[in-house]
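Before any comments, here is the structure.
Read the figures in this text as sums done on the coordinates, not as results from a lab. Bear in mind that the values here come from a model prediction, so they are computed numbers and not experimental data. Reconstructed Cβ throughout: ideal geometry from the backbone, glycine too, with neighbour counts over all protein chains shown.
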Amino acid sequence: MAQTKFSSRTILVITIVIAVLLIVVIWPLSMIGKGSSETRSDTYADEVYVRILPVAKLELAKAPAAAADGQPRDGATVYKSVCMACHGTGVAGAPKAGDKAAWGPRIATGSDALIVSVTNGKGAMPPKGGGADLTEEEIKAAVEHLVGLAQ
């Protein structure tokens, strides 16, 4: 048998024709059934979003101020609106209100030292105990109230 020789140009043309046929015939066939995949992927994305949602949300809001009648609040009012959040439960190492053992060494330093600690902040306690609108008189009244609870 005689062998036929193909030129490189003929081989290139045959390769290109086969590639074009594959693209024109097989590619559209591979897309069948994928028209609804966008809907499926959107549904899947929604399901994933629902699964990774947090269990709860925490929103911090500024506590409502006491009646703004221009008069300073008394110690008990300041304690209930600002200080009780930490000193009522002992959060972050805050001495609990009325705990004589915890307050004894602090009371021994004097009221002025306690007022300075409240004004400037100490440990986890922010300046003014977190009540940025407190006046010096209100801070002094709150300190006296807490000291009175511990004596």
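Observations
- For the chain, calculated [θ]222 nm from helices alone, where every DSSP H run of n ≥ 4 adds -39500 (n - 2.57): -14000 deg cm²/dmol
- Global geometry of region 75-150, whether rounded, prolate or oblate, following the gyration tensor of its Cα atoms and the 1.5 cut on a/c: rounded
- C-alpha long axis of helix 8-21 to longest principal axis of the chain, angle in °: 50
- Sparse-neighbourhood loop sites, GluC sites (Glu not before Pro) in region 46-141 - DSSP loop, at most 13 other Cβ within 10 angstrom: Glu59
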